[in-house]
Structure formats: structure tokens, C-alpha cells
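Taking it in order: structure first as C-alpha cells, then the write-up.
The values are calculated or read from the model by the stated rules, or taken from the named source; none is laboratory data. Keep in mind that what you see is a predicted model, and the values were worked out from it rather than measured. For neighbour counting, all protein chains shown are included, and Cβ atoms are generated from backbone atoms with ideal geometry for every residue, glycine included.
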Amino acid sequence: MPHRRLPRSFYLQPALDVARQLLGLYLVRKTGRAVLAGRIVEVEAYLGPDDPASHAYRGRTPRNEVMFMKGGHLYVYFTYGMHFCGNVVTGPAGTPHAVLLRALEPVDGLTVLAENRTLPVMKLEALCSGPAKLCQAFGIARKENGTDLCRGEIWIERRDAPLVDDMIARSPRVGISKAREQQWRFFVKGSRFVSGKTGRQ
DNA sequence: TCCGAGATTCACT
DNA sequence: GTGAATCTCGGAG
């Protein structure tokens, strides 16, 4: 199957649909040294004004401006004083919905991915098993905020057949205190690469 | 294996 | 000033 960057139309769908479909796809970044790639195994949807846990719940600010762009852009934010997290913006312009990339299964460029982590990473499972870890491994930081996944050197592509529903699980989102009742976290059932304790769901 | 706390910057109230 | 869509280490059980 040819490796192909996903078209804009994919990202213009509702956030929950994009989140579900992102599982099993590949995040790719081309750098001067290598091609980095990881299979997406865990995501969370954030639904803007309808979602108290979303950064865009209280409207537009300089920080969340990228979320209001049209789908297909990358929203990178800084948190806890030391971490970056990456989101895929979804929906048409003016709809501040996004999908947080929470965990990847490392596939290509493993050496570079490991070098990018500030601490030595002995286990493959720990390389990208968390939103801040995968951003660090892929070198995603402040200057990547606003990157267009349809044009830039970072993109998402399909390599395998889509996952069937049986392989996907849902749960409440992680690390937030609001809207805990919403099951807007999606992950690949049984994957060793989801965040948290190995194998735990 | 589980739980508690430190690290450390920024945006928003 | 406060708390945050987190990660890691160290100590207790």
C-alpha cells in the first residue's frame, strides 16, 4: 500500500470521528537526518465550547488560537512547566475542536526518537507512551505550533487497513478534573504502547 | 506494585 | 497568585 498523506477532508470531520479513525494511522516527521514515524494507539477528543476540559471552552485566546484554524493544523501547547503536548485540529475554521495525540508505537527512526528524549529510554514501550513523551521524541515544540499537516514536514498517513471496532476501546480522559463522565479517550485494545502502566487500561 | 511529590513555565483569573 | 490535557524517581507496603 503506498504511503499517502491524509487529505484535508479527513480533518474536517467531527473530532470524535477523527479521533476514532486516527487509531492505527501513522504520524510521520521528515527531518534532515531521518524519517520518524509512529503508529497512533491512543488519542483523546476535545470539543471546544461544549467541553469544560478544553482549552477553548472559554473562547479564543492567544494560546489557543490555532484551535480555531481549519482542520489539519497542529496545536502544540506547553504545560506543567516542562512539557509539550500535540493536538490535531479538526472541523472547519472557527470550530475549536482538537484531538490530543497521547501515545504512539515507534516504527521508523527509533535511534533518533530515543536521542530526542532527555532521559535515556531503555524500553521501546516507554519511548512515546504519553503526550509529552511523544512530542519530545518527535521534536515537537513551540515552533511546531500551527504546522499544517497537509503541507509541512509533519503529516499523518495510512499504511495498513483500518482497524475494526473490536480492536478499539474507550475510557474517560486522563489528567483532567472536568467532564470526567465523557468517554472521549480512544485506544487500541491490548496495545503495549498506550500510556500509563504497561498493559494497563 | 502503588502512591506521593518535585520539577519549572506559562496563561489566565 | 494559582493551577495546569505530565513525567519520573524514590520510598513504603
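For the range A:58-100, the set of residues classified as modelled with pLDDT of 95 or more and hydroxyl-bearing (Ser, Thr, Tyr) consists of A:TYR75, A:TYR77, A:THR90, A:THR95, listed by residue number. For the range A:140-187, a residue qualifies if it is touching a strand residue (DSSP E or B) at 6+ places or on another chain (Cβ under 9 Å), more than 30 Å from A:GLY32 (Cβ to Cβ) and away from DNA strand C (no atom under 16 Å from the Cβ), and the qualifying residues are A:LEU163, A:MET167, A:ILE168, A:ALA169, A:ARG170.
Within the range A:158-194, the set of residues being at pLDDT below 90 and surrounded by 15 or more Cβ atoms within 10 Å (Cβ to Cβ) comprises A:ILE176, A:ALA179.
Whenever a residue of the range A:50-67 is under 20 Å from A:GLY175 (Cβ atoms), its partners that are near DNA strand B (Cβ under 7 Å from one of its atoms) and in a loop (DSSP other than H, G, I, E, B), lying with C-beta atoms within less than 6 angstrom and at least six residues away or across chains, give the pairs A:HIS55/A:ASN64; A:ALA56/A:ASN64. So, A:TRP155, is that one buried (at least 17 other Cβ atoms within 10 Å of the Cβ) and in contact with a Phe, Trp or Tyr (Cβ under 8 Å, 6 or more places away or on another chain) or not? Judged against the criteria, A:TRP155 is not a match.
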